[in-house]
Amino acid sequence: MTPRAAGPMTLAQLSSGRRAVVAGLDGGRRLLARMVSLGFVPGVEVVMVQNPGRGALIVQIREARVALGRGEAHRILIAPARLPA
């Protein structure tokens, strides 16, 4: 992740190969239901597989790879992943 001056980071800002933890979701009922059904819930670790900077991106979440539109990815708030102990 790259440092940001203010506000939370979104999944759309995560670079390919980097890890993060879902911190929250910002959206309406339908979007929240879709994201939760895909496994995007607070506390879950994600790995950005492919983020070309525009268009769709691919994320590893649990045992699945999920393609998301950039608009959806902007609604998923993330925090830095914890380093293994």
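The values are calculated or read from the model by the stated rules, or taken from the named source; none is laboratory data. As the structure is a prediction and not an experimental result, all values here were calculated from the model. So basically every Cβ, Gly included, is an ideal-geometry build from the backbone, and we count neighbours across all protein chains shown.
Filter the stretch 4-22 for residues that are of a type in the set (A, V, I, L, M, F, W, C) and part of a strand (DSSP E or B) and give the result.
Result: MET9, ALA20, VAL21, VAL22.
Got a sec? Which of ALA56, ALA20 is under 12 Å from the mean Cα position of the chain (by Cα) and among the aliphatic types (A, V, I, L, M)? Break it down stepwise before answering.
On the way: ALA56 fails: under 12 Å from the mean Cα position of the chain (by Cα).
Step by step, each of ALA56, ALA20 is checked, and only ALA20 is under 12 Å from the mean Cα position of the chain (by Cα) and among the aliphatic types (A, V, I, L, M).
Any residue in the stretch 14-34 that's buried (at least 16 other Cβ atoms within 10 Å of the Cβ) and small (Gly, Ala, Ser): show its pairings with residues that are part of a strand (DSSP E or B) and modelled with pLDDT under 95 at Cβ separation under 6 Å, as long as the two are six or more apart or on different chains.
Qualifying pairs under 6 Å: none.
I need the full set of residues from the stretch 23-67 which are more than 19 Å from PRO8 (Cβ to Cβ), assigned to a strand (DSSP E or B) and of a type in the set (A, V, I, L, M), in order please.
Within the stretch 23-67, VAL49, ILE58, ALA64, VAL66, ALA67 meet the criteria.
Quick check on my filter: what residues within the stretch 68-85 are in a loop (DSSP other than H, G, I, E, B) and either surrounded by 15 or more Cβ atoms within 10 Å (Cβ to Cβ) or small (Gly, Ala, Ser) (or both)?
GLY69, HIS74, ARG75, ALA81, ALA85, listed by residue number.
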